[in-house]
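For reference, the structure discussed in these notes is given below.
Here, each number is a calculation from the coordinates, and none is a lab measurement. Quick caveat: nothing in here was measured; it's all calculated off a predicted structure. Here the Cβ positions follow ideal geometry from the backbone for every residue, glycine too, while neighbour counts run over all protein chains shown.
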Amino acid sequence: MDERTDGDVMQELVQGDSHAFEELLRRYEKPIYNFIYRQVFHREDARDLTQETFLKIYKFRSSYDATKKFSTWAYTIATRTLYDWWRKKQRTIITTELIDDASGGLDPETITLPSAYNSIESKIDVEQALATLKPIHSTILLLYYQHGFLYQEIAEALNIPVNTVKTHLYRAKKALREKLQDSYAN
């Protein structure tokens, strides 16, 4: 098992080791693809944006600050790539999910058809509600809940103050709760 940290691998890449880039792809291609996919909800676009993100990681490898977490830097690039794409496409809808899996944590051995249906229906409701939120709110919710970023890491990834992250997260949760309550009331 490879015990090198992401930072170690990135430093090897900066020094010209082509295998280091392959290692970063192995570690981060799927998580970054999932991060992007849950925001654009289109496989081809997600593949293209993931590829563009890794091209930027490679291109700007010498600007990596070894004192920072690589994952924060990589997700910053992915987020900026998404924002550039949205501006080009004039898109404002981000879809994502807060539920880790479609079964809602149910045991596959004991799952029943009604419980599976209700879980999938809840997931769809969350995705639809998230699609109506402001892009910054959806992004912060995804980074915080799905990827486990801390406030400081989100602030660094989005280049905003920590208190702004907290404010956006509070407003995003409130807006999401209201959207879900409205959808269940109808």
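Quick rundown of the values:
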read-out	value
Global geometry of the range 1-93, whether rounded, prolate or oblate, following the gyration tensor of its Cα atoms and the 1.5 cut on a/c	prolate
Peptides ranked, highest mean first, by Cβ atoms within 10 Å: ranges 142-148, 15-21, 173-179	142-148, 173-179, 15-21
Gain in span if fully extended, Ser63 to Gln152, counting 0.36 nm per residue against the direct Cα distance	30.0 nm
Qualifying chymotrypsin sites (Phe, Trp or Tyr not before Pro) for the range 24-78 [loop in DSSP, other Cβ within 10 Å: at most 13]	Phe60
Within straight-line cross-link reach of Lys56, lysines at Cα separation under 30 Å, skipping those fewer than 8 residues along the same chain	Lys30, Lys68, Lys69, Lys88, Lys89, Lys134, Lys166
